[in-house]
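A.B. asks: One structure follows; several queries about it will come next.
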Amino acid sequence: MDHLRRSFLVICASLLTVVLTGCPSETPQAGPGASGGGKKMRIVLLTNGPDPFWDTCEAGAIAGETEFDLNGKGYVLSFERGDFTDKAQLDKLKQYNLQSDIAAVGISVWNPESAAVAREMKKLRDKGVKVITFDGDTSRELFRDARFAYLGTDNIVGGRELGKAAQAIRRDGAKYTFFVGSTSAANAVARMDGFVEGMKGSGKEIERLADAGDPFKARQNIEGALDRNKDLNMLVGIYAYDTPQMVQVVKDRKLGEKVDVICFDAAEVSIKSMGDGDVDVMVVQNPYQIGYESVKLLLAMVEGDQLTIDGYYPDYAQEGDKDLFKTELRVVVPDGSPIKKDLFDSNTVFMTYEEFKAWLEERSLVSS
């Protein structure tokens with residue numbers, strides 16, 4: 001009997017050991033200050049699409065990851081790209097909500113009116129995940145509480161600056177069409193509306209044409225707009241990949257003397273085209289800064305570094321501009337352009353083509 005009792009006790013002790021030590025924990029094994037071989041928590045940046053614009057943003061994010069020692073603090077950067085659809089972003093957010101290693105998410109929202117995307121963002125916040133938007137915000141009227149804050153370009157100002165430049169180029173009145181991935185994306189709407197403001201009632205808007213991020217569709221839109229509107233004299237590219245298509249169509253049709261090409265963002269091909277005399281003005285964001293600052297802000301949020309957060313949003317509230325951090329904006333023009341620095345806001349950086357090339361080279365960048 002004593003032998004049987006001892007055997008029974010050994011079996012019970014073994015089972016208890018399995019229960020206490022053999023079952024997986026629901027709590028991630030890493031976090032602030034994590035060390036050793038524990039699971040690292042992810043800080044995710046999710047773009048709206050695969051445009052080369054995001055390559056420069058990723059470079060800035062990686063620089064932030066290194067400078068702020070994410071790895072040593074128990075975190076890892078995950079830079080992920082959408083595909084210019086609601087579904088891609090929604091699927092990613094749903095995945096994040098099912099995963100236990102997500103510490104923070106920054107998202108460049110493709111469709112600001114998407115209630116489903118906003119719902120998944122709120123679910124992440126309810127779980128304690130830190131959430132911001134960058135470059136493209138959600139609808140501030142409908143879903144402002146889906147994220148803590150926005151970080152990126154003030155797109156209304158950017159559009160306004162491009163409109164001022166357009167007016168300087170075409171003092172006799174521009175007849176223009178916008179080319180863009182989505183005519184409803186928050187950043188696109190702000191840029192186009194800001195452009196109209198900057199024109200101050202001069203010129204005539206013809207169309208706003210969407211291409212869903214497809215360069216082939218973008219070219220079709222440009223050709224169709226020129227075919228339909230014989231007096232069209234200005235093509236306005238709202239996203240980076242539109243400009244190379246505009247330049248090529250104008251060159252193919254030998255319309256360089258008649259049609260101006262102006263744009264947002266400085267894709268590598270667009271920069272070369274300005275040097276060749278085929279782009280008249282670029283309003284350029286700083287995607288490197290957007291990536292770098294997004295990483296810095298999200299790390300501060302997960303670590304509870306209120307001093308750093310206050311540096312971005314000193315009077316934080318989800319109203320007005322109090323939850324918006326505006327990154328750098330510059331206007332780039334060819335040497336000898338009629339566009340002059342005094343046209344623009346004092347906070348906007350004005351550069352000639354040669355100055356901009358030197359700025360890029362100093363930072364080992366090929367686009368912005």
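A.B. asks: So LEU255 passes all but one of these: (1) assigned to a loop (DSSP other than H, G, I, E, B); (2) under 21 Å from VAL349 (Cβ atoms). Which condition number does it fail?
C.D. replies: Looking at each condition in turn, LEU255 falls short on (2).
A.B. asks: So, one more: So, in segment 258-273, of the ones that are in a loop (DSSP other than H, G, I, E, B) and more than 21 Å from LEU232 (Cα to Cα), which residue ends up nearest to the chain's Cα centre (by Cα)?
C.D. replies: Going through the qualifying residues, I end up with ASP265.
A.B. asks: If ARG160 satisfies all but one of (1) of a type outside the set (A, V, I, L, M, F, W, C); (2) in a loop (DSSP other than H, G, I, E, B); (3) within 20 Å of the chain's Cα centre (by Cα), what's the number of the condition it fails?
C.D. replies: (2)
A.B. asks: Another question, then. Determine whether segment 318-327 contains at least one residue that is hydroxyl-bearing (Ser, Thr, Tyr), at pLDDT 95 or above and under 24 Å from ASP276 (Cα atoms). Full working, then the answer.
C.D. replies: At the first step, the residues of segment 318-327 found to be hydroxyl-bearing (Ser, Thr, Tyr) are 327.
Still in the running and at pLDDT 95 or above: 327.
From the residues that got through so far, the ones that are under 24 Å from ASP276 (Cα atoms) too are none.
No, that holds for no residue.
A.B. asks: Continuing with the same structure: Looking for whichever is in the same structural domain as LYS341 (by TED's automatic domain parsing) and either within 17 Å of THR47 (Cβ to Cβ) or among the aliphatic types (A, V, I, L, M) (or both) here; the options are ALA103, ALA116, ALA149, ALA185. Which one fits?
C.D. replies: Numbers: ALA103 fails: in the same structural domain as LYS341 (by TED's automatic domain parsing); ALA116 fails: in the same structural domain as LYS341 (by TED's automatic domain parsing); ALA149 fails: in the same structural domain as LYS341 (by TED's automatic domain parsing).
Going through ALA103, ALA116, ALA149, ALA185 in turn, the sole match is ALA185.
A.B. asks: Next question. Give me the helices (runs of 4 or more DSSP H) completely within segment 31-141, filtered to those with at least 1 residues that are without any contact (Cβ under 8 Å) to a residue 40 or more places away in the chain and of a type in the set (A, V, I, L, M), ordered by residue number. I'd like the intermediate steps shown before the answer.
C.D. replies: On the way: elements: 53-67, 86-98, 115-126.
Output list reads 86-98, 115-126.
A.B. asks: Looking only at segment 247-266, which residues are surrounded by fewer than 24 Cβ atoms within 10 Å (Cβ to Cβ) and closer than 23 Å to ARG160 by Cα?
C.D. replies: Within segment 247-266, VAL259, ASP260 meet the criteria.
A.B. asks: For segment 242-255, how many residues are free of Cβ contacts under 8 Å to residues at least 24 places away in the same chain and under 17 Å from VAL333 (Cβ atoms)? Before you say what the answer is, go through the steps one by one.
C.D. replies: Here is the first cut: in segment 242-255, the residues free of Cβ contacts under 8 Å to residues at least 24 places away in the same chain are 252, 254.
Now restrict to residues that are under 17 Å from VAL333 (Cβ atoms): none.
The qualifying residues number 0.
A.B. asks: Another one. Name the residue, out of VAL295, VAL283, that is of a type outside the set (Gly, Ala, Ser), buried (at least 23 other Cβ atoms within 10 Å of the Cβ) and farther than 27 Å from ASP193 by Cβ.
C.D. replies: On the way: VAL283 fails: farther than 27 Å from ASP193 by Cβ.
Every option except VAL295 fails the conditions.
A.B. asks: Can I ask one more? When residues of segment 161-189 are filtered for being buried (at least 21 other Cβ atoms within 10 Å of the Cβ) and free of Cβ contacts under 8 Å to residues at least 40 places away in the same chain, how many remain? Walk me through it before giving the result.
C.D. replies: Of segment 161-189, the ones buried (at least 21 other Cβ atoms within 10 Å of the Cβ) are 161-166, 174, 176-182, 185-188.
Filter once more, so that each one left must be free of Cβ contacts under 8 Å to residues at least 40 places away in the same chain: 163.
Qualifying residue count, segment 161-189: 1.
Condition check ((1) hydrophobic (A, V, I, L, M, F, W, C); (2) under 24 Å from THR153 (Cα atoms); (3) assigned to a helix (DSSP H, G or I)) across all residues:
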{"position": "TYR288", "(1), (2), (3)": "no, yes, yes"}
{"position": "LEU307", "(1), (2), (3)": "yes, yes, yes"}
{"position": "ALA317", "(1), (2), (3)": "yes, yes, no"}
{"position": "GLY336", "(1), (2), (3)": "no, no, no"}
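The values are calculated or read from the model by the stated rules, or taken from the named source; none is laboratory data. A quick note: this is a predicted structure, and the numbers were derived from the prediction, not measured. No Cβ is skipped: glycine too gets one built from the backbone with ideal geometry, and neighbour counts run over all protein chains shown.
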